1. Among the candidates K77, K95, which residue alone is in contact with a helix residue (DSSP H, G or I) (Cβ under 9 Å, 6 or more places away or on another chain) and within 13 Å of K136 (Cβ to Cβ)?
2. Please work out if K136 is open to solvent by 80 Å² or more (accessible area, probe 1.4 Å) and part of a strand (DSSP E or B).
3. Before we move on, is E388 at pLDDT below 95, more than 30 Å from N171 (Cα to Cα) and touching a His at 6+ places or on another chain (Cβ under 9 Å)?
4. Could you list all residues from region 366-385 that are more than 22 Å from W318 (Cα to Cα) and either within 28 Å of the chain's Cα centre (by Cα) or part of a strand (DSSP E or B) (or both)?
5. Mind listing whichever residues of region 403-419 are farther than 23 Å from F269 by Cα and either of a type in the set (S, T, Y) or surrounded by fewer than 22 Cβ atoms within 10 Å (Cβ to Cβ) (or both)?
6. With a cut-off of at least 1 residues that are under 30 Å from D280 (Cβ atoms), name the helices (runs of 4 or more DSSP H) lying wholly within region 140-240.
7. Collect the residues in region 50-73 that are in contact (Cβ under 8 Å) with a residue 60 or more places away in the chain and open to solvent by 50 Å² or more (accessible area, probe 1.4 Å), keeping them in residue-number order.
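The values are calculated or read from the model by the stated rules, or taken from the named source; none is laboratory data. Everything numeric in this text was worked out from a predicted model, so none of it was measured. Counting neighbours? That spans all protein chains shown, and the Cβs are built from the backbone with ideal geometry, glycine included. Note: areas computed on protein heavy atoms with side chains; ligands, DNA, RNA excluded. Shrake-Rupley method; radii C 1.70, N 1.55, O 1.52, S 1.80 Å.
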Amino acid sequence: MSEQSKEAKSILSIREERIKEIEELRREGIDPFGQSFPGKEAIIKVIDKFTQIATGEPSQENVIIAGRIMALRKHGKAAFADLEDQTGKIQVYIKSNLIGTDSFEIFKGISVGDIIGISGTVFKTKTGELTVLANKFTLLTKTLRTLPEKWHGLTDTETRYRKRYLDLIANQEVKELFIERSKIIKYVRDYLDNKGFLEVETPVLQPIPGGATATPFVTHHLSLHRDLYLKIAPELYLKRLLVGGLEKVYELNRNFRNEGISTRHNPEFTMLELYEAYADYHTMMEIAEEMVCDILKKLRGTMVIQYQGEMLDFTPPWKRISMYEAIKSVTGINPDEVKNEEVGDLIAQFQLELPKNAAKGEVINELFEKKVEHTLIQPTFIIDYPVEVSPLSKQKPGYPHLVERFELFINSMEIANAFTELNDPLEQKVRFLQQAESKSEGEINQNFVDYDYIEALEYGMPPAGGMGVGIDRLIMLLTNKDSIREVILFPQLKKKD
């Protein structure tokens, strides 16, 4: 029998034994899955409150704590246990003569992983360890399965992602990471709320997958007898709100894109999108810079952080350089001097994954992605994109082949994408039709033309700036993680064999 088979058999036998223990507890009138436990204090608060207590002088004050047993040392009619809740861990000392013989008999059946409640006083051991001396013990949840080997933690990556609950139990730093994630999202909200932005919600199910170029997930609505698409972006709905007179709006939402999975891509991800009437892409650059610096100040207290061996300096102002200038500085090619008939030569020279008849703007963008993106380590705004790859952006005055758009790159990752928004309904219709034609190889696919949005623009949308920020990628940077799966609680994975 293999070691893996032996381990599986051992786990099953332990589970069967614990089921018998649960049945025995029920026969004795004890609920192995407990009731509510009012009065519970956070363990960290108990530690902070009594950290200065003198050794050998127990507190007179009673505390009530609850959590999971992470270590257990039994010694006859006494036992020590390490009890852990979300906030911290503390040692508990249980004695038969203090909690009563009947309660101690129940405690003797306790295992590592079980969840219990304790009432007691606090003292320090001779070694200085803060300890709760129990005067009452309550069983709250009896576990059927053993925890991962605590001494080694849970290290298998596949298991960590598939069974995140075990990852959170076994690895304290993972728990802290996701608490920090929530803080970062709160800081984003605080910043925008303080700037007068209104948080709103837009549909997840949409009749047309608009606002980005991406492959959507398709679903079918039975009552409406029609296909709908999971949101790839909230952009077109948020800009409808600008038409309606809401001048500063944002949404922290889940987007869904039916595309590849990698260390930087998950099919379901968190995006911040915000729009401000009477603003432009320069305004969005200021917001991006100020918001990230505000988060860093609260989270780290510094503008310089380490990410995967690189020192990233977020001290403003951040570098701003046009896409054309960036390409010229890296490759020596000046995109302004490239003629349309030379596009095929560029595709061949740099082995770009584009058809030979691709538009010049598409080739310039692909060249940038292949040759320049990986060189952008420090926070950098790449500005002024080709019009062909930016169907929702306003053209740059005096430069009809460019639009007022930027992408923010940090450590070669795109973190944000922003435009001066196109608010001309006639031009928007032309751009949509061109985009739909390219998607369907020569024919206009009306399913991808949002005529309702065009109609909304005809009622008048004020000049505006808009921006999308990849929250998961931002959190990767701020927590020094090299994979998006590390910062998403339940990432999508291939089906297990």
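1. Numbers: K77 fails: within 13 Å of K136 (Cβ to Cβ).
Every option except K95 fails the conditions.
2. Numbers: open to solvent by 80 Å² or more (accessible area, probe 1.4 Å): yes; part of a strand (DSSP E or B): yes.
So K136 fits the description; yes.
3. On the way: at pLDDT below 95: yes; more than 30 Å from N171 (Cα to Cα): yes; touching a His at 6+ places or on another chain (Cβ under 9 Å): yes.
Against the criterion (at pLDDT below 95, more than 30 Å from N171 (Cα to Cα) and touching a His at 6+ places or on another chain (Cβ under 9 Å)), E388 qualifies.
4. Initially, region 366-385 is screened for residues more than 22 Å from W318 (Cα to Cα), giving 366-367, 370.
Answer for region 366-385, where residues must be more than 22 Å from W318 (Cα to Cα) and either within 28 Å of the chain's Cα centre (by Cα) or part of a strand (DSSP E or B) (or both): E366, K370.
5. Taking region 403-419 first, the residues farther than 23 Å from F269 by Cα are 403-404.
Residues satisfying the conditions do not exist here.
6. Numbers: elements: 157-162, 164-170, 172-194.
Passing ranges, in order: 172-194.
7. So in region 50-73, the residues in contact (Cβ under 8 Å) with a residue 60 or more places away in the chain come out as 50-51, 53-63, 65-66, 68, 70-71.
Of everything in region 50-73, those that are in contact (Cβ under 8 Å) with a residue 60 or more places away in the chain and open to solvent by 50 Å² or more (accessible area, probe 1.4 Å) turn out to be T51, T55, G56, E57, P58, Q60, E61, N62, R68.
Residues checked against (1) open to solvent by 30 Å² or more (accessible area, probe 1.4 Å); (2) at pLDDT 95 or above; (3) of a type outside the set (V, I, T):
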position	(1), (2), (3)
V243	yes, yes, no
E251	no, yes, yes
G260	yes, no, yes
T263	yes, no, no
E268	yes, yes, yes
E273	no, yes, yes
M291	no, yes, yes
K297	yes, yes, yes
T302	yes, yes, no
